[in-house]
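Each value in this text was obtained by applying a stated rule to the coordinates, not by laboratory testing. Please read all numbers here as calculations on a predicted model, not as lab measurements. Every residue, glycine among them, receives a Cβ derived from its backbone with ideal geometry; neighbour counts consider all protein chains shown.
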There are 2 protein chains.
Amino acid sequence: MATLVVLYNKPANAADFDKHYFNKHVPLAKKIPGLKKYEVSKGTVATPGGPSDYHLVALLTFDSVADIGAAFASAEGKATAGDLANFAQAGAQLLICDTHPV
Amino acid sequence: MATLVVLYNKPANAADFDKHYFNKHVPLAKKIPGLKKYEVSKGTVATPGGPSDYHLVALLTFDSVADIGAAFASAEGKATAGDLANFAQAGAQLLICDTHPV
């Protein structure tokens, strides 16, 4: 399997971010071909010592890293990536991981 | 569910890191009470634009954030956290997320 880990920095307005994320971005992302599972953090993204620097973490599961590449290249993936500019102005990290159980 | 996302910075010596991680750290972590699933990235942790700043990403799944708290408080969790100093000198971020499907 492969996981796209998305780490969103804390936005200027958390309520605006959440409204856009759940009402606009999630429906766009759910159309991405090859997406097998899509999980999102709820509430504070914490560290063992307290709150983290991140507002929200999303974990998108695909069958393979190749499928993540194909997802980014798809029209639906481009629409989803393009939407980041509408709510994630504080920045986001997208990490593509070839994930295996240990 | 809840996910502990661990992001390891690039180590000085990747081979030494991997040897310790897979031979010592994974067996310690797998003893942590409440751990339901444990996935690790294989190969480069990438971004859409190229390699990321991270060497390895681990995703540890538990039933709840409370279970992650209990895991850290357990003897096995303390042994696992204590082992970080033996191989993760370059630093690691531990992110505790209350994860929900969307």
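Take each residue in B:84-97, count the other chain C-beta atoms within 10 Å of its C-beta, and the mean is 3.
What's the center-to-center distance, using Cα atoms, between the range B:45-86 and the range A:82-102 in Å? For the range B:45-86 versus the range A:82-102, the Cα centre distance is 18 Å. Go ahead and collect, in residue order, the members of the range A:1-30 whose backbone nitrogen is under 11 Å from a label point 7 Å along the Cα-Cβ direction of residue A:36. Of the residues in the range A:1-30, A:1-3 have backbone N under 11 Å from the label point off residue A:36. Here is the list for chain B: trypsin sites (Lys or Arg not before Pro) lying in DSSP coil, each with at most 16 other C-beta atoms within 10 angstrom of its C-beta, are B:30, B:31, B:36, B:42. Label-to-label distances for residue B:14 across copies, nearest first, come out at 3.7 nm, using points 7 Å from Cα in the beta-carbon direction. Annotation: the protein assembly as shown has a Kirkwood hydrodynamic radius of 17.4 angstrom, from the mean reciprocal C-alpha pair distance. Among B:26, B:75, B:45, which residue has its Cα furthest toward the positive end of the charge dipole of the range B:2-98, with +1 on Lys/Arg Cβ and -1 on Asp/Glu Cβ? Toward the positive end, the furthest listed residue is B:26. When only Cα pairs below 8 angstrom with a gap of at least 6 residues are kept, chain B shows a relative contact order of 50 percent.
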